[in-house]
Structures are given as C-alpha cells and as structure tokens.
1. Could you run through region 1-34 and say how many residues are open to solvent by 60 Å² or more (accessible area, probe 1.4 Å), modelled with pLDDT of 75 or more and of a type outside the set (Gly, Ala, Ser)?
2. Given the criterion farther than 21 Å from Ile66 by Cα, open to solvent by less than 60 Å² (accessible area, probe 1.4 Å), among the hydrophobic types (A, V, I, L, M, F, W, C) and not in a loop (DSSP other than H, G, I, E, B), identify the matching residue among Ile139, Ile116.
3. Can you give me the number of residues within region 93-129 that are free of Cβ contacts under 8 Å to residues at least 40 places away in the same chain and under 12 Å from the mean Cα position of the chain (by Cα)?
4. (1) farther than 22 Å from Ser102 by Cβ; (2) open to solvent by 90 Å² or more (accessible area, probe 1.4 Å); (3) modelled with pLDDT of 65 or more: which one isn't true of Gln52, the others all being true?
Amino acid sequence: LTSAPRTASAIATEPVTAAVMEADTFHRLTRDHPYLSMLLSQLIAQRLGTKQFDALSGKHLDRYQIVQRLGRGGMSVVYQAIDSHDQQTVALKMLSHRLINSPRAKQRFQQEADIIERFEHPHIVRMLRRFAAFRTFFIVMEYCTGQTLGELLHRQGPLSPTHFRRYFGQLAR
C-alpha cells in the first residue's frame with residue numbers, strides 16, 4: 001500500500017502459509033475496483049494504527065522521526081515528530097490511509113493545506129511545509145504544547161465569562 005520497503009519482520013513459531021501480492025497487482029486491483037480499494041485500504045489503515053498500537057511511532061518519514069500519535073480524526077491522523085534538520089518538534093498531519101484512493105479526499109486535504117499556508121497570525125498554527133510519502137500526503141505544522149479547549153472544559157467545567165471572552169476573542173481574531 002505505501003510503496004515503501006517494509007520496516008519490520010515477523011517470525012512464525014509454527015508452520016504458516018503466506019499469500020503474497022505484488023505491489024503493481026495491488027495498485028491495479030484497487031484502481032480498477034473501488035470497493036475492493038476501500039476494503040483493503042481500511043484494513044491496512046487499521047493495522048497501521050489502532051488506539052493501543054501505532055506502527056508509525058518511532059519510524060523515520062522523510063526528514064522526520066515520529067515520536068507518537070497525538071490524535072485521529074475523520075480524515076487524518078496527527079503525529080508529534082522531530083525534524084532531523086533542526087531538531088524542532090513539529091506536528092505531522094497525515095491523510096488517513098483509508099482515504100488514499102479517494103480523489104475527493106486528496107483534493108480536500110490539499111485545499112486545507114493551501115488555506116493553512118496562506119494564514120499568518122499569532123493565534124493560528126503555522127504550516128511549515130508539505131510532502132507526500134507512503135502513498136499519502138502530510139502537512140507539517142508547528143507543534144503547540146498545552147491542553148486542548150476540550151481538555152480544559154473537561155477538567156474545570158464551564159468557562160467564566162472573563163475566560164470565555166479571552167479564549168473566544170482570540171478565535172474570532
């Protein structure tokens with residue numbers, strides 16, 4: 001699926017039969033049969049990362065070493081990573097592998113990158129660059145520490161009017 005060399009090996013403790021499909025055959029099948037594409041892409045996306053396990057943590061991707069997965073949404077997965085060029089901590093937003101055969105999803109992800117790239121504001125995360133790898137797309141953004149608004153609300157409950165005005169004033173600007 002990713003068109004990248006494998007980074008792990010499996011050792012069987014009992015006799016096994018393995019079915020192998022050449023990458024060209026896989027890509028032709030997924031291109032010619034969209035439903036098969038969705039099924040296989042979702043299966044591989046599940047195996048790449050679940051709530052308990054993420055196959056990309058600790059891996060090198062382009063010039064980034066992935067530290068950990070930060071979150072997962074409907075279209076993407078976000079990772080904390082270290083840029084090997086300057087040791088800066090960054091956020092990598094990856095288009096989910098379950099969507100890599102969807103031209104519409106790819107277009108929406110690229111449009112999101114185009115929009116983020118145009119913004120320059122102290123209250124908006126900066127996009128640093130973008131790249132393609134593992135047959136999907138990545139947006140590299142500055143990494144922001146701290147808690148999310150959701151975490152804050154969960155921890156302390158409703159915001160006071162003063163805090164509400166402060167936080168939402170920043171959002172409105």
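1. Matching residues across region 1-34 total 14.
2. Working: Ile139 fails: farther than 21 Å from Ile66 by Cα.
Being farther than 21 Å from Ile66 by Cα, open to solvent by less than 60 Å² (accessible area, probe 1.4 Å), among the hydrophobic types (A, V, I, L, M, F, W, C) and not in a loop (DSSP other than H, G, I, E, B) holds for just one of Ile139, Ile116, which is Ile116.
3. Adding up the residues that qualify gives 1.
4. The number of the failed condition is (3).
The values are calculated or read from the model by the stated rules, or taken from the named source; none is laboratory data. Just so you know, these numbers come straight off a predicted model, no measurement behind them. Positions of Cβ are backbone-derived with ideal geometry, glycine not excepted, and every protein chain shown enters the neighbour counts. Side chains included, ligands, DNA and RNA excluded: accessible areas come from the protein's heavy atoms. Shrake-Rupley method; radii C 1.70, N 1.55, O 1.52, S 1.80 Å.
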